[in-house]
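Worksheet: one structure, shown below.
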Amino acid sequence: GNYTRNYSGGNNELYWNQKSNRFPSHRSMNNLMTNPANYQQQSQSSPPTQRRQGEQQQQQYYHNEQQQQQQQPSQSYFKKNRADHRPNGYTMQQQSLDYSSNTTTSEQSNINSTQSYPSGATKTEGVLIDEFGKVYATVQGGPSNPWVFGFDNVAKLLKQIIDDLLVKSEVNWEQIVSVGMVLSGAGQIESQSNLRNELQSLNVDTNKVFIGEDLLGPVPNGGVVIIAGTGSNCVVYNGDGSSKRAGGWGHLLGDEGSGYWIAQRAIKRVFDHADNLKLSRHDLTRLSDEIKAYFKIQDMSQLLSYFYKNFQKDFIARFTQVIAELAMNNDDAASQELFKEAGFMLGTHLRAISGHIETKLYDQGTLRVVAVGSVFRSWKFLKPGFTDALSNGNPLPFHKVELAQLTSSAAIGAAIWAARKHDIPLPNVDFSKCFTTLD
């Protein structure tokens with residue numbers, strides 16, 4: 001997503017500027033580096049205005065996708081993620097890279113390169129850059145949360161991405177200086193150690209590898225980030241090395257405000273209303289019809305197999321796109337209410353960590369928050385709940401929140417983070433310019 005709003009002072013110095021009810025136009029992107037190389041990305045559209053007829057069949061399991069990737073490694077860059085079967089699917093579109101033709105090399109004519117792999121529950125992206133930020137190759141693969149898909153499977157996926165990057169860029173492993181792997185589910189020492197061991201078993205030189213959680217990609221130099229994609233999370237990384245998080249415990253224990261959370265909540269609301277357990281104040285007819293159409297069922301009871309027999313979280317989470325369409329195109333009150341509730345939960349996450357944010361991150365009273373994840377494409381409907389969460393309760397230490405979204409891949413940030421961990425400065429790469437903010 002590439003849509004943001006500014007949060008500014010008012011009563012308790014907390015309210016959102018009321019601009020317009022439409023999604024704003026995408027701003028032109030600033031340079032990624034201080035040298036003339038430019039990074040461009042196609043602008044992202046707001047939630048799609050018309051859903052394709054005939055939803056895709058239930059997806060293959062992860063190990064089947066892995067086998068297909070291994071059979072066709074050279075095609076991984078061009079392979080679209082399963083969520084992208086819809087033209088404006090609830091994942092980021094393939095980026096368009098436009099760099100100058102100047103190839104930067106080190107004094108020994110070896111590319112001083114860094115690789116990175118940011119991941120979520122849906123996809124993993126790898127990128128190879130040099131010390132000037134020039135991108136030599138980009139590769140996409142399947143999801144890589146080791147707790148969901150297994151450490152051995154994820155290690156094989158990452159090894160395949162490494163190989164594909166080297167082949168595409170015509171670079172050998174000895175030229176690689178550092179590798180940053182910021183992965184969903186890799187925030188604990190245990191998971192990092194397990195994944196490192198699996199990579200070593202595949203003959204990967206892990207002395208170059210730095211493993212961290214997925215939230216590091218958007219803020220490699222520190223800051224506040226909220227993720228709302230398939231899952232959700234919120235964290236601050238302070239300059240002194242301290243951090244504080246709220247959420248990120250997975251769909252069984254958390255993920256409030258995420259795509260999965262919204263979809264599951266919509267389905268549960270229809271069940272509760274039909275069972276007379278908790279009546280909805282809004283008409284659920286259209287929402288119920290869309291549930292049946294998306295999952296290709298005749299009766300709601302047939303949903304049980306999707307949740308208990310053939311559970312696939314990302315497939316369920318993508319139903320949130322349909323809910324967004326109902327909210328946008330059909331002015332469906334039940335769907336709009338779901339996004340408002342999600343916005344409230346995301347705002348609550350930010351409030352939860354507010355007391356742990358170092359003051360230099362909100363100089364002059366403004367806190368910049370990086371918003372990551374396709375749920376933020378429906379910001380118009382998240383905003384009321386997000387505002388309520390920040391406006392209610394004790395005053396916050398900052399008076400203004402500026403939401404920003406990446407205009408380049410978080411993989412660039414992962415590469416910067418890994419280089420910094422390896423004590424390699426990248427003075428010519430200014431990642432702070434890779435964001436858009438809205439008035």
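Any read-out appearing in this document is the output of simple, stated calculations on the displayed coordinates, not a laboratory observation. Model, not experiment: these values are computed from the prediction.
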#### Entry: Filter on 360/421; 244/400; 268/400; 134/159; 156/244 - keep pairs with C-alpha separation over 25 Å
268/400; 156/244
#### Entry: Gap separating the Cα centres of region 136-184 and region 280-327, nearest whole Å
33 Å
### region 186-260 and region 358-437: distance between their alpha carbon centers, rounded to Å
16 Å
